[in-house]
Amino acid sequence: MPVELSWDWGYAVSCLPALLRGLGVTLQAMLAGYALALGLGLVWALLRRAAPAPVARATVGFIELVRSTPLLVQLYALYFLLPEVGVSPSALTVGILGLGLHYSAYLSEVYRAGLDAVPREQWEAARALSLGAPRTYRSVVLPQAVPPMIPVMGNYLVSLLKDTPLLSAITVVEMLHRAKIQGSESFRYVEPVTLVGVAFLVISLAAGGVIRRAEARWSSVEGHPR
């Protein structure tokens, strides 16, 4: 016989306060983790290009290690190994660090591709003008490299958001974990899990809209037609 799923609006509304608390944790993990990934990804990309050979090789090895192992394994490693070396951050801090390190490895490849796409003549012109490395990157290279990278960066932002439920494995009570707690208390999972799914959809669509606007604005400011 087909299973009939019932929907209780009263119960769904009663779940909202707990889910909103979980939403705050999810958004915090997403935004802080992504900001960390953006910064570290650029550092890894620059180290690969400009650092001495041993440092560049070590950076490549780190990137490949992170890209070749599951995020969940990395979260467990950070959560259980950091206290062994005398560092005991909160579970949320560990989660943000894990998300940032994991996605920085992928974003470093995005940065690398963007930097490699800048014509060699632009680098040579900067050297001919005796521009230092910081100014060359800031004024010449990055304005040309960033616009093509924005859509891919946006995809990784959404991917990072969808990976935040993994933080529940290290005791972070994010949005989906809140939904599971609500369901276990009432033995009704349809409403809280559905609301979480809708929230993820809305956030993903909003993030996509922000990324598209950023791409259009950057392209317009820097003179790169869409």
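Looking only at segment 135-178, residues that are of a type in the set (A, V, I, L, M) and within 14 Å of the chain's Cα centre (by Cα) come to 9 in all. For segment 159-182, the set of residues classified as surrounded by fewer than 20 Cβ atoms within 10 Å (Cβ to Cβ) and outside any helix (DSSP H, G or I) consists of 171, 173, listed by residue number. Close contacts from segment 180-209, counting a first residue that is of a type in the set (Gly, Ala, Ser) and a second that is not in a helix (DSSP H, G or I), with Cβ to Cβ under 8 Å and a gap of 6+ residues or different chains, come to 183/189.
Kindly provide the set of residues from segment 107-138 that are among the polar types (S, T, N, Q) and free of Cβ contacts under 8 Å to residues at least 12 places away in the same chain, ordered by number. Across segment 107-138, the qualifying residue is only 130.
Scanning segment 63-88 for residues that are surrounded by fewer than 12 Cβ atoms within 10 Å (Cβ to Cβ) and aliphatic (A, V, I, L, M) returns 65, 73, 81, 85, 87.
The single condition among (1) in contact with a Lys or Arg (Cβ under 9 Å, 6 or more places away or on another chain); (2) surrounded by 21 or more Cβ atoms within 10 Å (Cβ to Cβ); (3) at pLDDT 95 or above that residue 100 does not satisfy is (1). If only residues of segment 143-157 that are of a type in the set (A, V, I, L, M) and crowded, with 18+ Cβ neighbours inside 10 Å are counted, the one that is nearest to residue 206 (Cα to Cα) is 157. Among the residues making up segment 44-77, those that are touching a residue at least 60 places away in the same chain (Cβ under 8 Å) and within 26 Å of residue 88 (Cα to Cα) are 44, 71, 72, 75, 76.
Could you figure out which of (1) under 24 Å from residue 177 (Cα atoms); (2) buried (at least 17 other Cβ atoms within 10 Å of the Cβ) isn't true of residue 41? In the conditions (1) under 24 Å from residue 177 (Cα atoms); (2) buried (at least 17 other Cβ atoms within 10 Å of the Cβ), residue 41 misses (1) alone. Select, from 94, 87, 43, the only residue that is among the hydrophobic types (A, V, I, L, M, F, W, C) and within 30 Å of residue 116 (Cα to Cα). Answer to the check: 43.
Just to be sure, is residue 25 β-branched (Val, Ile, Thr) and either at pLDDT 95 or above or closer than 25 Å to residue 160 by Cα (or both)?
When the stated conditions are applied, residue 25 passes them.
Number of residues in segment 2-35 that are closer than 30 Å to residue 64 by Cβ and surrounded by 18 or more Cβ atoms within 10 Å (Cβ to Cβ): the value is 5.
The values are calculated or read from the model by the stated rules, or taken from the named source; none is laboratory data. All values reported here derive from a predicted model rather than from experimental measurement. Because the Cβ atoms are built from the backbone with ideal geometry, glycine has one as well, and the counts that use them run over all protein chains shown.
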